[in-house]
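Undergrad: Handing you a structure now.
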Amino acid sequence: QVQLVESGGGLVQAGGSLRLSCVASGIIFRINAMAWYRQTPGNQRELVALIGSTGSTNYPDSVKGRFTISRDNAKNTVYLQMNSLKPEDTGVYYCNIAGRGGGWGQGTQVTVSS
């Protein structure tokens, strides 16, 4: 059974930084591409960062240059370093196996004040 536990969210002023963590269990972590998503009220979850099993990364233009995804296979953990945060980055952040449509964790709330 796959379990995903996100942490590290909080309230931060615009321009600030946060580092999110996600510990995965129940999977062979090192062979899976992992991703971070965010959801805002009334909107679908959107992809904000993806990291392949080999460490290759991909970001949408909205966060490129500000967010960095990384992974530690020894700790079954994927991270999201978020810098230069903007109010529009506010939302609940989730991690998951890339492309997996369900089995979401509880997420972690990120609130960026202007």
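The values are calculated or read from the model by the stated rules, or taken from the named source; none is laboratory data. A quick note: this is a predicted structure, and the numbers were derived from the prediction, not measured. Cβ coordinates were reconstructed from backbone atoms using ideal geometry, including for glycine residues, and neighbour counts include every protein chain displayed. For accessibility, only protein heavy atoms count, side chains too; no ligands or nucleic acids. Shrake-Rupley method; radii C 1.70, N 1.55, O 1.52, S 1.80 Å.
Undergrad: Between beta-carbons, use under 15 Å as the cut-off and find the net charge around Ser113, counting Lys and Arg +1, Asp and Glu -1.
TA: Details: positive: Lys86; negative: Glu88, Asp89.
Neighbour charge sum, excluding Ser113 itself: -1.
Undergrad: Show me the three semi-axes of the equivalent ellipsoid for segment 1-64, from the C-alpha gyration tensor (sqrt of 5 times each eigenvalue), largest first, rounded to whole Å.
TA: Values: eigenvalues 99, 47, 34 Å².
The three semi-axes for segment 1-64 are 22, 15, 13 Å.
Undergrad: Quick one: net charge around Val92, please, counting Lys, Arg +1 and Asp, Glu -1 for every other residue with C-beta under 15 Å from its C-beta. Numbers along the way, then the final one.
TA: Values: positive: Arg38, Arg45; negative: Glu6, Glu46, Glu88, Asp89.
Around Val92, the surrounding residues sum to -2.
Undergrad: May I ask you to evaluate 6.51 cos²θ - 1.76 cosθ + 1.60, the Karplus curve with θ = phi - 60°, for each residue of segment 60-68 and list the ³J(HN,Hα) values in order in whole Hz, giving x for glycine and proline?
TA: Result, rounded to whole Hz: x, 4, 5, 10, 4, x, 10, 9, 9.
Undergrad: Shifting gears a bit: Compute the relative contact order of the chain as a whole-number percentage, counting only Cα pairs closer than 8 Å that sit 6 or more residues apart in sequence.
TA: Numbers: 272 pairs, mean separation 41.4, N = 114.
Result for the chain is 36 percent.
Undergrad: How much accessible surface does Ser62 have with a 1.4 Å probe, in Å² rounded to 10?
TA: Per-residue accessible area (Ser62): approximately 60 Å².
Undergrad: Using a 1.4 angstrom probe on the protein heavy atoms only, line up Val112, Val2, Val23 by accessible area, largest first. Walk me through the intermediate numbers first.
TA: Details: Val112 10, Val2 40, Val23 70 Å².
Ranked list, largest accessible area first: Val23, Val2, Val112.
Undergrad: Just to confirm the filter: which trypsin sites (Lys or Arg not before Pro) across segment 1-96 are DSSP coil and have at most 13 other Cβ within 10 angstrom of their Cβ?
TA: Lys64
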